[in-house]
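Below: the structure, in structure tokens.
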Amino acid sequence: RLIFMLRIDVSADPRYKIDRRFIRKFLKDGWEKRSLPTGTVSVAFVGSRKARELAKKYLHDDQPHPVITVPHGTKGATFPGVDNTVGEIIICFSQVVIFAAEQDKEINTVISQFLDHAMTVLSHVLS
């Protein structure tokens, strides 16, 4: 029996009210369902200024995207101290709040939509 090993690192400013347990479970379940490679995935919740800075770096535009997916090996990707990183998911928390308010949805629902999108991107890039 193969053991599924996925390490999920979640980082966020303490002001951002996120449910790390929910995020880890949602990612683990989606990861297994898509048969994505095992390793480490980093999920970072950032503000709009940092999201805009990262969009310039990775997407070459000046918009604070709601979610940016950076597969391992992407030029300029930095994963300090982690050798087996599969990818990084960057979520703009202010965009989560805006989407939740506009769509009358809970924060976790919007976060799951963004994570699902990121896993879809990774599954296309990594397969």
Only one of (1) within 18 Å of ARG7 (Cβ to Cβ); (2) at pLDDT 95 or above does not apply to VAL86, and that is (2)
Per the filter on segment 114-123, residues at pLDDT 95 or above and either surrounded by fewer than 17 Cβ atoms within 10 Å (Cβ to Cβ) or in contact with a His (Cβ under 6 Å, 6 or more places away or on another chain) (or both) are ASP116, HIS117
All conditions in (1) in contact with a Phe, Trp or Tyr (Cβ under 9 Å, 6 or more places away or on another chain); (2) within 20 Å of ALA100 (Cβ to Cβ) are true of THR38 except (2)
Of those in segment 32-79 that are of a type in the set (Gly, Ala, Ser) and over 15 Å from ALA12 (Cα atoms), the residue modelled with the highest pLDDT is ALA55
Checked pairs for segment 93-122, first within 15 Å of ILE68 (Cβ to Cβ), second in a helix (DSSP H, G or I) and open to solvent by 70 Å² or more (accessible area, probe 1.4 Å), C-beta under 6 Å and 6 or more apart or across chains, list as none
The number of residues in segment 1-47 that are open to solvent by less than 50 Å² (accessible area, probe 1.4 Å), closer than 24 Å to PRO64 by Cα and part of a loop (DSSP other than H, G, I, E, B) is 3
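The values are calculated or read from the model by the stated rules, or taken from the named source; none is laboratory data. Everything quoted here is computed from the prediction, not taken from an experiment. Neighbour counts run over all protein chains shown; Cβ positions are idealised from the backbone, glycine included. Just so you know, the surface numbers come from the protein's heavy atoms only, side chains and all, with ligands and any DNA or RNA stripped out. Shrake-Rupley method; radii C 1.70, N 1.55, O 1.52, S 1.80 Å.
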